[in-house]
Amino acid sequence: MSVDTTEPAAPEATKRRRFVIPERFFTFQSYVALILVFLAAIVFSPRRNGEIVFLNSENLLNIVRAVSEIGILAIGMTFVILVAGIDLSVGAILGLAATGTASLLMVNDFGVAMTVLIILAIGLAFGATQGYLSARLGIQAFIVTLAGLQVARGLARIWSGGQGIALAYGDGPDVAPQAFSLLNSRTFNGTVPIPALIFVGVGVIALIVVRKTVFARHVYAVGGNERAARLSGIPVTRIKVTVFAISGLLAALAGIIHAGQLNQGSPNDGMGYELDAIAAVVIGGTSLMGGVGTVSGTLAGALLLGILNNILALNNIDSNVQLLIKGVIIVAAAGIQAFRSQQK
């Protein structure tokens, strides 16, 4: 009887050489993309008297001011996505907060400090409730926050009677305190917009929390493997409730800034903002599956979107084309994430 000494055929998968991207690339993908978009903005920027309009310091500060609201929403969204959740209600909470802020200042004659505390408490409670419903009752975050979106819009319409409330400043009843108008002003000799300063401050606090606290390590653990985190004694439910509470709190803060910048509060404010916030997080490299991502990446993603919006506006690109371009970038970012997962 003869013995077959032929080598077994190698599996098809091992015959083909896989295209492998170094893991380090994924770590810096958002910063690389931000630099590329920044350079592209310089190239395609219109010129005025020989000056590159995009690089004008006023224009650059306006970009940071313009992304302040989305950036703050995106920071909260980062924590939620890190635990493999999603928060579709942040735009509606922003609208509720802006409406409530205008109403408390103009209709109820509340002071600035009391108004800010009440609105932040509402955002915190709203987010915590959504987190509790999702974590304790096991309802998918997508469903809970989609319902939360509707509830927040409804509350805003009931609060305002369905109408926007304009802010007017001065002393006496039926006007907002002059101090609130600071949100629409600049500091450092009139150069730096206050909303941009608040955005940077929130970003720095979030970076410290992510890098220095046990809470952040628990967030990554829950998002990476919830069952393992639970077995190791991590309070999974509490962590989930907390991240949704943070998201609601920051959405309320963005709503207060929104009211200050636009001098009004309307139930329709913030429509679609949740999508921009999610886009900034995804572009920043945070995995929608949870457990992987950084706040610094999200900040880079938010700035990238801001620069993109700015350069498209400077070139008078049709708004529909702007949506198309942003959609392509978001799909590309999600595609890179999918490739990274397959590569692992």
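Below, the figures for the structure above:
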| item | result |
| --- | --- |
| Residues (crowded, with 17+ Cβ neighbours inside 10 Å, touching a residue at least 60 places away in the same chain (Cβ under 8 Å) and outside any loop (DSSP other than H, G, I, E, B)) located in the stretch 152-173 | A152, R153, A156, R157, W159, S160, I165 |
| Residue pairs meeting the criteria (Cβ under 9 Å; at least 6 apart or on separate chains; first closer than 30 Å to A135 by Cβ, in the stretch 244-268; second open to solvent by 10 Å² or more (accessible area, probe 1.4 Å) and basic (K, R)) | P267/R153; P267/R157 |
| Unmet criterion (only one of (1) part of a helix (DSSP H, G or I); (2) touching a residue at least 12 places away in the same chain (Cβ under 8 Å); (3) open to solvent by 70 Å² or more (accessible area, probe 1.4 Å)) for P195 | (3) |
| Selection within the stretch 205-220 - closer than 14 Å to T298 by Cβ and in contact with a helix residue (DSSP H, G or I) (Cβ under 7 Å, 6 or more places away or on another chain) | A206, L207, V209, V210, A216, V219 |
| Sole exception among (1) under 20 Å from the mean Cα position of the chain (by Cα); (2) over 20 Å from Q261 (Cβ atoms) for G162, by number | (1) |
| Any hit, the stretch 181-192, residues being without any contact (Cβ under 8 Å) to a residue 40 or more places away in the chain, part of a helix (DSSP H, G or I) and either farther than 22 Å from L117 by Cα or out of contact with any Cys (no Cβ under 8 Å at 6 or more places or on another chain) (or both) | no |
| Positions within the stretch 75-127 being part of a helix (DSSP H, G or I) and among the polar types (S, T, N, Q), in sequence order | T78, T99, T101, S103, T115 |
| Subset of the stretch 210-228 [touching a residue at least 12 places away in the same chain (Cβ under 8 Å) and within 27 Å of G255 (Cβ to Cβ)] | V210, F215, V219, G223 |
| Residue that is surrounded by the fewest Cβ atoms within 10 Å (Cβ to Cβ), among those in the stretch 225-236 that are part of a loop (DSSP other than H, G, I, E, B) and on the phi < 0 side of the Ramachandran plot | S232 |
| Some residue of the stretch 199-218 being over 20 Å from G71 (Cα atoms), hydrophobic (A, V, I, L, M, F, W, C), surrounded by fewer than 20 Cβ atoms within 10 Å (Cβ to Cβ) and modelled with pLDDT under 95 | no |
| Wholly within the stretch 237-344, helices (runs of 4 or more DSSP H) carrying at least 2 residues that are in contact with a Ser or Thr (Cβ under 6 Å, 6 or more places away or on another chain) and either buried (at least 24 other Cβ atoms within 10 Å of the Cβ) or among the β-branched types (V, I, T) (or both) | 273-283, 295-314 |
| Inter-residue pairs, beta-carbon under 6 Å, first closer than 14 Å to G164 by Cα and in the stretch 92-119, second open to solvent by less than 40 Å² (accessible area, probe 1.4 Å) and of a type in the set (D, E, K, R), 6+ apart | G95/D269; A98/D269 |
| The lone exception for F180 - which of (1) within 24 Å of A74 (Cβ to Cβ); (2) surrounded by 15 or more Cβ atoms within 10 Å (Cβ to Cβ); (3) modelled with pLDDT under 95 it fails | (1) |
| So L104, is it open to solvent by less than 70 Å² (accessible area, probe 1.4 Å) and more than 18 Å from G272 (Cα to Cα) | yes |
| Residue count for the stretch 38-63, restricted to those that are loosely packed, with under 11 Cβ neighbours inside 10 Å and either of a type in the set (A, V, I, L, M, F, W, C) or part of a helix (DSSP H, G or I) (or both) | 4 |
| Among the residues listed as A176, A141, the single one being over 24 Å from F110 (Cα atoms) and in contact (Cβ under 8 Å) with a residue 12 or more places away in the chain | A141 |
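The values are calculated or read from the model by the stated rules, or taken from the named source; none is laboratory data. Values in this document were obtained by computation on a predicted structure and should not be read as measured data. Every residue, glycine as well, gets a Cβ built from its backbone with ideal geometry; the counts of neighbours run over all protein chains shown. These accessible areas exclude ligands, DNA and RNA; they are computed on the full protein's heavy atoms, side chains included. Shrake-Rupley method; radii C 1.70, N 1.55, O 1.52, S 1.80 Å.
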